[in-house]
Amino acid sequence: MSSVVELRGVWVDFGGHPVLEDITFSAAAGEFVSVVGPNGAGKTTLLKVILGLIRPRRGEVQVFGVPPWKLGKQRARIGYVPQVEEVDPRFPLRVLDVVLMGRYGALGLGRRPGAADRHAAVEALKLVGIAHLAGKPLGELSGGQRQRVFVARALAVKPELLLLDEPTTGIDPAASESFYELLRRIQKTGVTVIMVTHDVGVISRYVDKVACLNRRLVVHGRPEEVMADAALAEMYGCAALFFHHGRAPHMVVRPHSELREGRR
Amino acid sequence: MSFLGYVFMQRALIAGALIGAGAGTVGVYVVLRGFSFIGAGIAHAAFGGVAIAFLVGMDPLLGALVFSLLVAWGIAYTSRRAAIKEEVAVGVLFATSMALGIFLLSFIRGPRVDLLGYLFGNILAVSSRDLVLSFVLAGVVFLAVLFLYKEFLFIVFDPGMAEVAGFPVGLLQGALLSLVALTVVLSLRVVGAVLVAALLVIPAATAYQLVRDFHKMVFLSACIGVLEVIGGLIISFYLDTPSGPTIVLLSASLFGLVLLFRKGTR
């Protein structure tokens with residue numbers, strides 16, 4: 001399997017302070033990777049490095065075999081779902097118009113979306129299961145539905161790599177669950193998925209690899225391997241426990257104090 | 001004789017239609033991006049430009065154009081570099097350019113400058129030369145919106161994503177603020193520097209109450225803008241009131257009515 005994303009010894013500074021330290025990370029084609037870490041751990045920065053928006057001070061980044069800032073038109077091979085808080089949900093736009101924005105980059109300056117773009121947008125909406133909402137104003141959707149709209153926007157260019165930044169923030173657990181199922185379905189179509197989240201309780205039964213980030217990337221492996229690693233505890237100042245339910249390993253993280261009580 | 005019989009009124013109405021459509025269209029981006037305050041800042045800067053132009057013997061509207069464009073790009077640059085908060089920069093600029101304008105104008109001797117006209121609009125002020133400039137300014141605004149329609153929508157709705165998609169977000173923001181500057185200069189004669197910011201906000205805010213589709217909002221806001229400026233000019237003609245405040249009061253009344261009828265649904 002070839003690597004879609006490859007980072008080697010990547011350092012990123014903001015105003016002289018290290019945000020990412022010596023990150024070595026890779027995602028193979030068709031893999032579902034989850035990067036977990038607390039707020040301020042550098043998760044969004046990591047995604048921006050992969051997108052080519054931030055250039056590292058040191059180290060090497062390759063996406064589809066080239067540095068991401070040199071991707072040019074190939075940018076369209078990456079789909080990106082930013083954090084939900086970044087947009088105003090009352091913005092007067094219909095769902096289809098939002099999804100069409102995914103096609104804007106490939107269209108270039110001054111060109112309007114045409115029938116082919118509209119078709120691709122509808123296909124993307126079908127894939128995430130909300131084609132019936134195409135004509136609805138964004139403001140009338142639930143948090144979970146809105147998140148699907150942004151995934152559809154990312155999918156509208158038929159990307160080979162999908163990056164998601166905290167996609168389940170503000171979504172209730174049941175909706176999150178079905179959202180992960182959706183990502184799993186997308187991955188099965190051959191798309192490489194990288195999702196960052198501060199939700200360390202994320203059920204890892206959906207992902208192939210868990211990487212834990214807190215400026216440094218500490219653990220990197222299959223969920224079962226992560227479980228064997230004590231480094232996670234160091235990273236969060238808390239202990240991580242993992243439970244097996246057949247083929248569905250769950251990762252649970254609790255504060256030290258709580259854990260000690262449990263040990264009595 | 002009806003108001004249509006007067007040449008100054010014919011010119012004011014033609015300029016008014018261009019102003020209403022321009023401000024209504026650009027106003028949609030102003031309202032949705034939440035930079036009403038920046039619009040006010042640019043408008044006040046335009047007044048400073050008028051005063052400087054008078055001192056150096058330039059066409060006052062050209063002075064306003066140069067000065068407000070400089071300020072527009074200054075704000076766009078500040079907001080990208082974030083050396084100081086954009087809001088603070090506008091706040092300083094706002095009062096300074098107004099003070100500069102009035103300070104400089106107090107040195108001008110000879111024929112009195114129509115200070116009130118530039119501040120609050122004058123229905124008699126639109127010369128045939130101004131009308132030509134209005135057509136040029138409005139033409140640039142409409143062509144720019146037509147060509148960069150999806151780009152402006154993108155940077156207003158989701159600038160982060162626009163950047164990811166490879167659009168030059170900083171330049172587009174500067175271009176959008178330039179359109180605000182052009183609209184301000186376009187409106188300066190009829191509406192005045194103090195009140196033009198209202199025209200950039202009220203028609204779009206009224207349209208926002210009525211529709212939830214961006215494309216319809218642009219169209220409706222432009223229509224409301226034309227209606228309000230033309231209506232305000234006619235009322236101003238009959239009541240012999242300054243045109244700027246009359247237009248703004250009419251716009252605000254319509255906005256109030258719409259709010260009242262739409263209450264609770266949004």
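The values are calculated or read from the model by the stated rules, or taken from the named source; none is laboratory data. On a predicted model such as this, the values are computed, not experimentally measured, just so you know. Note that we place each Cβ from the backbone using ideal geometry, even for glycine, and neighbour counts take in every protein chain shown.
Screening residue A:59 against (1) modelled with pLDDT under 90; (2) in contact with a Gly (Cβ under 6 Å, 6 or more places away or on another chain); (3) of a type outside the set (Asp, Glu) leaves a single unmet condition, (1).
Taking the stretch A:15-83 and the strands (runs of 3 or more DSSP E) fully enclosed by it, the elements with 2 or more residues that are surrounded by fewer than 19 Cβ atoms within 10 Å (Cβ to Cβ) and out of contact with any Leu (no Cβ under 7 Å at 6 or more places or on another chain) are at A:17-28, A:58-63. Restricting attention to the stretch A:100-111 and to residues that are assigned to a helix (DSSP H, G or I) and not charged (D, E, K, R), the residue that is nearest to the other protein chains (Cβ to nearest Cβ) turns out to be A:105.
When restricted to residues that are loosely packed, with under 13 Cβ neighbours inside 10 Å, more than 11 Å from residue A:155 (Cβ to Cβ), at pLDDT 90 or above and not basic (Lys, Arg), the stretch A:175-191 contains 1. Taken as a whole, the stretch A:134-141 holds at least one residue that is in contact (Cβ under 8 Å) with a residue 40 or more places away in the chain, within 20 Å of residue A:175 (Cα to Cα), not acidic (Asp, Glu) and not in a loop (DSSP other than H, G, I, E, B). Scan the stretch A:83-99 and report the pairs whose first residue is more than 7 Å from every other protein chain (Cβ to nearest Cβ) and whose second residue is of a type in the set (Asp, Glu), with Cβ atoms within less than 7 Å and a gap of 6+ or a chain change. Pairs that qualify, where the first residue is more than 7 Å from every other protein chain (Cβ to nearest Cβ) and the partner is of a type in the set (Asp, Glu), are A:83/A:165; A:83/A:166.
Which of the numbered conditions does residue A:111 fail, given that it passes all the others? Conditions: (1) in contact (Cβ under 8 Å) with a residue 40 or more places away in the chain; (2) farther than 26 Å from residue A:170 by Cβ. Result: residue A:111 passes all but (1). Criterion applied to B:14, B:42 was being assigned to a helix (DSSP H, G or I), buried (at least 24 other Cβ atoms within 10 Å of the Cβ) and away from chain A (no Cβ under 14 Å), and the one residue passing it is B:42. Being surrounded by 21 or more Cβ atoms within 10 Å (Cβ to Cβ) and touching a residue at least 12 places away in the same chain (Cβ under 8 Å) is the requirement here; does residue A:122 meet it? Against the criterion (surrounded by 21 or more Cβ atoms within 10 Å (Cβ to Cβ) and touching a residue at least 12 places away in the same chain (Cβ under 8 Å)), residue A:122 does not qualify. Every test in (1) free of Cβ contacts under 8 Å to residues at least 12 places away in the same chain; (2) more than 15 Å from residue A:212 (Cα to Cα) is passed by residue A:40 save one, and that test is (2).
Can you pull out the residues in the stretch B:210-256 that are of a type in the set (A, V, I, L, M, F, W, C), within 14 Å of another protein chain (Cβ to nearest Cβ), part of a helix (DSSP H, G or I) and over 15 Å from residue B:23 (Cβ atoms)?
Just the residues of the stretch B:210-256 that are of a type in the set (A, V, I, L, M, F, W, C), to begin with: B:210-211, B:214, B:217-220, B:222-224, B:226-227, B:229-230, B:233-235, B:237, B:239, B:247-250, B:252, B:254-255.
Next cut, within 14 Å of another protein chain (Cβ to nearest Cβ) only: B:210-211, B:214, B:217-220.
Filter again for part of a helix (DSSP H, G or I), leaving B:210, B:214, B:217-220.
The answer is B:210, B:214.
Restricting attention to the stretch B:149-174, which residues are surrounded by fewer than 19 Cβ atoms within 10 Å (Cβ to Cβ) and among the hydrophobic types (A, V, I, L, M, F, W, C)? Scanning the stretch B:149-174 gives a single hit, B:171. I need the full set of residues from the stretch B:157-173 which are part of a helix (DSSP H, G or I), in contact (Cβ under 8 Å) with a residue 12 or more places away in the chain and within 8 Å of chain A (Cβ to nearest Cβ), in order please. Once the filter is applied, which keeps residues that are part of a helix (DSSP H, G or I), in contact (Cβ under 8 Å) with a residue 12 or more places away in the chain and within 8 Å of chain A (Cβ to nearest Cβ), the stretch B:157-173 yields only B:157.
Only one entry of B:207, B:181, B:197 meets the criterion of being crowded, with 24+ Cβ neighbours inside 10 Å, in a helix (DSSP H, G or I) and within 14 Å of chain A (Cβ to nearest Cβ), and that entry is B:207.
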